[in-house]
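Data block below; observations after.
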Amino acid sequence: MTKQILVGGVPVGGNAPIPIQSMCNTRTDDVAATVAQIKRLEAAGCEIIRVAVPDMAAARAVGAIREQISIPLVVDIHFDYRLALEAVAAGADKVRINPGNIGAPERVKAVAQACRVRGVPIRIGVNGGSLEKPLLAKYGGITPEALVESAFGHIELLHRYDFDDICVSLKSSDVRTTMAAYRLMSEKSDYPLHLGVTETGTLRMGTIKSAIGIGGLLGFGIGDTIRVSLSADPVEEVSAARDILKALGIRRDGPNLISCPTCGRTRIDLIRLAQEVEQRLEHVQKPLTVAVMGCVVNGPGEAASADVGIAGGDGVGLLFRKGEIVKKVPQDQLVDELFSLIDEI
């Protein structure tokens, strides 16, 4: 059980649901473009959004962005503590920062005090690519132990100034290192953990790495909020995150499709059939498990846990519900009959 923080009105940690995060790739000082992207992300299922704040123009845009969106806004700060102060004053709901890279102790103190006064939590974002040189030398490179020690060093900096409203991330581009670091951190502290594998690559491989790293940790009960990092439209990050949560049974906010991989018994174009069902399910909001099976012999039995499903045959298929056959249907009517049944549920 982790401690709980509030990011805007969204709880993170404890028994709270796991919120999905993403990050804008627009220029933050382009308020119109950033707001438009955030609204697209929110429509896709994003619940917390982060923007980069590399300069004062971006920091000053935070207030205007915050006024026009309805999900919490996180600011990503590096090196210049004044950007954090400006963004917090403008209404940021959370600050992502490494206290150790913003300079003298009085600067850390200023950020901690500003966040405490406004009830703004801080995410300590440890990244393998920016580990402190002494830790790299001590551990001989980027290791789980080095990432965790870095996190505790930053936590101690905030504790000096009576600040403990903290969330932690420990990201590496190596999936195993990332997973081991989060597991070690979860053993040593009860701070809420922001899960992610950084620099995963493009859509296909990045989604696979994220599913392994994030999904594996969530499967062990580790993690309180997630962000899938992809070299792709951020909407794809949100879609991948939703699919990871759905695959683990953590969320049921839409249909779950299961389908068999086909074999020599298959007498229909199952791949095309499954793709058609998947596309039509995009417009269904019911939390159903839908099965598309290739064999009428044991399809309904293999997919007995599905709410509804179809099993193809040779010219004719079966429509079934909870493993029980509803009726035989001509093959060219299978999909339409399936969705008629879904409409009735």
Filter pass, P72 being at pLDDT 95 or above and either in contact with a Pro (Cβ under 7 Å, 6 or more places away or on another chain) or under 27 Å from C46 (Cβ atoms) (or both): yes
Per the list (1) buried (at least 17 other Cβ atoms within 10 Å of the Cβ); (2) out of contact with any Lys or Arg (no Cβ under 7 Å at 6 or more places or on another chain), residue check on L341 breaks on (2)
Identify, please: which residue in the stretch 179-200 is out of contact with any strand residue (DSSP E or B) (no Cβ under 9 Å at 6 or more places or on another chain) and either at pLDDT below 95 or part of a helix (DSSP H, G or I) (or both) and is, among those, surrounded by the fewest Cβ atoms within 10 Å (Cβ to Cβ)? E187
Filtered residues of the stretch 119-136 (kept if under 16 Å from V95 (Cα atoms), more than 18 Å from the chain's Cα centre (by Cα) and crowded, with 17+ Cβ neighbours inside 10 Å): V120, P121, I122
When residues of the stretch 163-178 are limited to those that are in a strand (DSSP E or B) and not polar (S, T, N, Q), the one farthest from L248 (Cα to Cα): I166
List the residue pairs whose Cβ atoms are under 7 Å apart, where the first residue sits in the stretch 322-345 and is without any contact (Cβ under 8 Å) to a residue 60 or more places away in the chain, the second is in a helix (DSSP H, G or I) and surrounded by fewer than 11 Cβ atoms within 10 Å (Cβ to Cβ), and the two are 6 or more positions apart or on different chains. none
Taking the stretch 93-117 only, how many residues are touching a Gly at 6+ places or on another chain (Cβ under 9 Å) and surrounded by 20 or more Cβ atoms within 10 Å (Cβ to Cβ)? 7
Checked the stretch 9-46 for anything open to solvent by 60 Å² or more (accessible area, probe 1.4 Å), in contact with a helix residue (DSSP H, G or I) (Cβ under 7 Å, 6 or more places away or on another chain) and closer than 23 Å to V168 by Cα; matches are N25
Single match in K133, K94 (criterion: of a type outside the set (G, A, S) and touching a strand residue (DSSP E or B) at 6+ places or on another chain (Cβ under 8 Å)): K94
Exactly one condition in (1) at pLDDT below 95; (2) of a type in the set (A, V, I, L, M); (3) open to solvent by less than 40 Å² (accessible area, probe 1.4 Å) is not met by V53; state its number. (1)
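The values are calculated or read from the model by the stated rules, or taken from the named source; none is laboratory data. These numbers were taken from a predicted model, which means no experiment stands behind them. Here Cβ is always computed from backbone atoms with ideal geometry, including for glycine, and neighbour counts include all displayed protein chains. Calculation scope for accessible area: heavy atoms of the full protein, side chains included, ligands and nucleic acids excluded. Shrake-Rupley method; radii C 1.70, N 1.55, O 1.52, S 1.80 Å.
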